[in-house]
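Note sheet for the following structure.
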Amino acid sequence: MILVQDKLMEQKELHIGMEDRGYQFGDGIYEVIRIYNGCFFGMDEHLTRLERSARELQMSLPYAKDLLKKRLEDLAAVNNVKDGQVYLQVTRGVAERTHHFPDHADGVLIAYTKEAPRPYQKMADGIGVITTEDIRWLRCDIKSLNLLGNVLSKQKAKDAGCDEAILIRDGIVTEGSSSNVFIVKEGELVTHPADNLILNGITRNVLFKIAEESQLNVVEKKFGMDDLLNADEVMITSTTMEITPVVTIDGKPVQDGKPGPITKRLQEKFNLRIHEVQSVEN
């Protein structure tokens with residue numbers, strides 16, 4: 001079953017107009033929300049960010065957040081999702097093709113679920129990444145459907161046998177193609193400020209909270225390639241990759257090429273946070 005507007009239906013019943021602005025312009029927004037043992041993780045934060053993205057693009061969501069939350073819960077329940085995710089997308093809708101906003105168009109909301117096991121092996125062993133130029137537009141803070149820059153970077157990483165591409169803009173590390181990037185130096189975590197050049201990740205903000213609980217200092221400031229390559233530890237965060245250590249960059253090891261102690265501590269705290277959410281929901 002999928003969710004279309006506020007109704008659950010079979011996927012084969014879905015019909016999207018050929019002039020939907022999501023297809024023709026990427027004129028839309030999206031979120032991916034994690035489900036652990038049947039419980040949503042960070043639902044409110046994801047939907048608040050969805051509302052912000054809509055405002056930034058001068059879009060209106062089809063209905064209120066509280067109802068949307070209920071419909072997504074219904075969708076996950078009817079599909080009996082245990083460990084997986086919900087993909088949610090809203091476009092500006094169907095209208096005659098013009099670059100400016102149409103005078104009249106009703107937004108189209110679609111959501112679907114899928115099972116998605118946690119990336120245990122990668123979280124344990126760490127991943128390899130490449131660095132590449134950040135070729136994306138200047139409003140990366142909006143979670144829009146315009147992802148070609150991200151797609152090209154991710155493909156470049158895949159072609160190199162790596163899991164992620166860390167993006168560099170004017171010598172500054174911004175984020176990954178689908179993740180936020182943190183470095184550890186002398187016990188301090190450093191990450192790019194949440195401005196227009198990165199997406200303010202939900203897992204990124206969870207890491208802030210668990211770092212504070214662990215008495216670790218997190219600094220939002222710009223840092224460059226030398227800082228990245230000489231870091232004590234490097235990690236990425238995202239809804240799908242959680243907190244994953246980076247052990248090689250452009251084929252060279254980060255320190256001894258193994259996940260570091262601070263990354264492991266944060267992973268343990270993150271697991272506790274998941275269990276806390278499940279306990280509350282159950």
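Figures for the structure shown
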| item | result |
| --- | --- |
| Any pair with Cβ under 7 angstrom, 6 or more apart, that starts in region 29-48 at a residue that is closer than 21 Å to GLY107 by Cβ and ends at one that is surrounded by 17 or more Cβ atoms within 10 Å (Cβ to Cβ) and acidic (Asp, Glu) | HIS46/GLU31 |
| Odd one out for LYS70 among (1) touching a Lys or Arg at 6+ places or on another chain (Cβ under 9 Å); (2) charged (D, E, K, R); (3) surrounded by fewer than 18 Cβ atoms within 10 Å (Cβ to Cβ) | (1) |
| Looking only at region 204-221, and only at residues there that are outside any helix (DSSP H, G or I) and touching a Gly at 6+ places or on another chain (Cβ under 9 Å), the one that is surrounded by the fewest Cβ atoms within 10 Å (Cβ to Cβ) | ASN217 |
| Region 237-249, subset farther than 18 Å from ASN37 by Cα and out of contact with any Leu (no Cβ under 8 Å at 6 or more places or on another chain), residue surrounded by the fewest Cβ atoms within 10 Å (Cβ to Cβ) | THR248 |
| Residue within region 64-76 that is assigned to a strand (DSSP E or B), at pLDDT 95 or above and not hydrophobic (A, V, I, L, M, F, W, C) present | no |
| Residue match in region 250-258 (condition: surrounded by 12 or more Cβ atoms within 10 Å (Cβ to Cβ), within 22 Å of VAL206 (Cβ to Cβ) and out of contact with any Pro (no Cβ under 6 Å at 6 or more places or on another chain)) | no |
| Region 205-258, residues that are small (Gly, Ala, Ser) and in contact with a helix residue (DSSP H, G or I) (Cβ under 7 Å, 6 or more places away or on another chain) | ALA211, SER214, SER238 |
| Number of positions in region 7-18 that are modelled with pLDDT of 95 or more and either touching an Asp or Glu at 6+ places or on another chain (Cβ under 8 Å) or assigned to a loop (DSSP other than H, G, I, E, B) (or both) | 2 |
| Residue in region 88-100 that is in contact (Cβ under 8 Å) with a residue 12 or more places away in the chain, out of contact with any Lys or Arg (no Cβ under 9 Å at 6 or more places or on another chain) and either of a type in the set (Lys, Arg) or part of a loop (DSSP other than H, G, I, E, B) (or both) present | yes |
| Residue check, VAL190 surrounded by 17 or more Cβ atoms within 10 Å (Cβ to Cβ) and within 17 Å of the chain's Cα centre (by Cα) | no |
| Every residue from region 19-44 that is surrounded by fewer than 19 Cβ atoms within 10 Å (Cβ to Cβ) and assigned to a helix (DSSP H, G or I) | TYR23, GLN24, PHE25, ASP44 |
| Any hit, region 180-202, residues being among the aliphatic types (A, V, I, L, M) and assigned to a helix (DSSP H, G or I) | yes |
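The values are calculated or read from the model by the stated rules, or taken from the named source; none is laboratory data. Just so it is clear, the model here is predicted, and its values are computed rather than measured. Glycine gets a Cβ as well: all are built from the backbone with ideal geometry, and neighbour counts include every protein chain shown.
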